[in-house]
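All remarks here apply to the structure that follows.
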Amino acid sequence: MKSKFLRPVLAVAVISMISAWAQTGSAAPAGAASSPASPATSTTMATGEGSKIGTINIEQAVIGSNEGQRDFEALSKKLDPKRSELKSQSDELEGLQKQLQTQGDKLNEDARATLVKQIETKKKALDRAAQDFQEDGQNQQKDAFQKILQKMAPSIIKYAQDNGFAMIVDTSNPWPQSPILWYDGNKYDITKAVVDLYNTQSGVPAPAAAASPKPAQAKPTPKPAAPPSTTPQK
């Protein structure tokens with residue numbers, strides 16, 4: 001399953017970044033800040049004066065690159081302790097809910113009210129912590145994605161110009177989220193070629209666990225999982 005939460009916040013950034021590289025035809029220093037994104041209505045990216053139109057799945061290209069696999073795996077491991085903490089909180093809350101369900105009618109009024117209050121307090125704390133975790137994880141993933149995309153952009157433009165493409169369009173989002181209704185991915189998709197080019201230029205080795213990584217089937221962005229439902233049972 002593809003990660004979708006990154007798409008809304010990155011779509012405009014992708015367009016702006018690639019368009020800037022296409023217009024200048026040169027690479028900015030590594031780590032340079034990208035210009036503020038501006039609203040856009042199309043995922044089309046002009047790249048040169050060739051005669052062909054190509055496609056690229058930016059999401060898969062970034063995540064499927066050696067650098068992307070390395071960085072997102074590292075980020076996933078970094079988030080694991082907090083994810084485990086939330087799971088423990090969720091399990092504790094579930095235990096209290098089951099206690100209320102099975103023993104609630106046997107408790108006196110004060111004991112039952114105390115248990116209900118405890119459940120409500122823990123649920124609010126868990127919901128707040130889960131939301132903070134989700135937002136923090138998304139921000140870190142977005143930063144990692146943009147960092148790699150900024151360095152990959154020159155590879156996209158170079159490949160397009162060297163191979164006679166007049167236009168490259170991003171197919172990360174399916175129709176109707178994007179204006180691309182249909183395309184022949186087998187014939188015109190340059191995702192793998194760009195990833196191969198970028199891997200060579202970046203010098204980042206392939207992850208040890210993946211002997212032959214395939215960008216088109218790249219591991220999805222690690223999304224911080226929300227804890228199970230914590231609605232009190234009656």
Going residue by residue through segment 57-62, the Karplus relation 6.51 cos²θ - 1.76 cosθ + 1.60 with θ = phi - 60° gives ³J(HN,Hα) values, rounded to whole Hz and with x marking Gly or Pro, of 8, 4, 4, 5, 5, 5
Counting only residues 5 or more apart in sequence or on a different chain, those whose built amide H sits under 5 Å from that of Thr55 are Val169, Asp189, Ile190
Of the candidates Asn173, Ala153, Ala125, the farthest towards the positive dipole end of segment 103-185 (Lys/Arg Cβ +1, Asp/Glu Cβ -1, centred on the Cα centre) is Ala125
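Could you list Tyr183, Tyr198, Tyr159 so that the one with the fewest beta carbons within 10 Å of its beta carbon is first and the one with the most is last?
Numbers: Tyr183 15, Tyr198 27, Tyr159 20.
Going from least to most buried by this count: Tyr183, Tyr159, Tyr198.
In the structure shown, do any of Lys77/Lys192; Lys82/Lys142; Lys78/Lys192; Lys52/Lys147 have a Cα-Cα gap over 22 Å, and if so which?
Numbers: Lys77/Lys192 26 Å; Lys82/Lys142 19 Å; Lys78/Lys192 28 Å; Lys52/Lys147 29 Å.
With Cα atoms farther than 22 Å apart: Lys77/Lys192; Lys78/Lys192; Lys52/Lys147.
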Rounded to the nearest whole number, the Stokes-Einstein translational diffusion coefficient of segment 115-204 at 20 °C and 1.002 mPa s (Kirkwood radius, C-alpha pairs) in µm²/s is 127 µm²/s
Straight-line reach check, Lys123, cutoff 12 Å on alpha carbons, 8 or more apart in-chain or any other chain, hits among aspartates and glutamates -> Asp91, Glu92, Glu94
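Rule-based calculations on the coordinates, nothing more; no lab input. This one's a predicted model, so the numbers in the text were calculated from it and none came from an experiment. Using ideal geometry, Cβ is built from the backbone for each residue, glycine included, and neighbour counts are taken over all protein chains shown.
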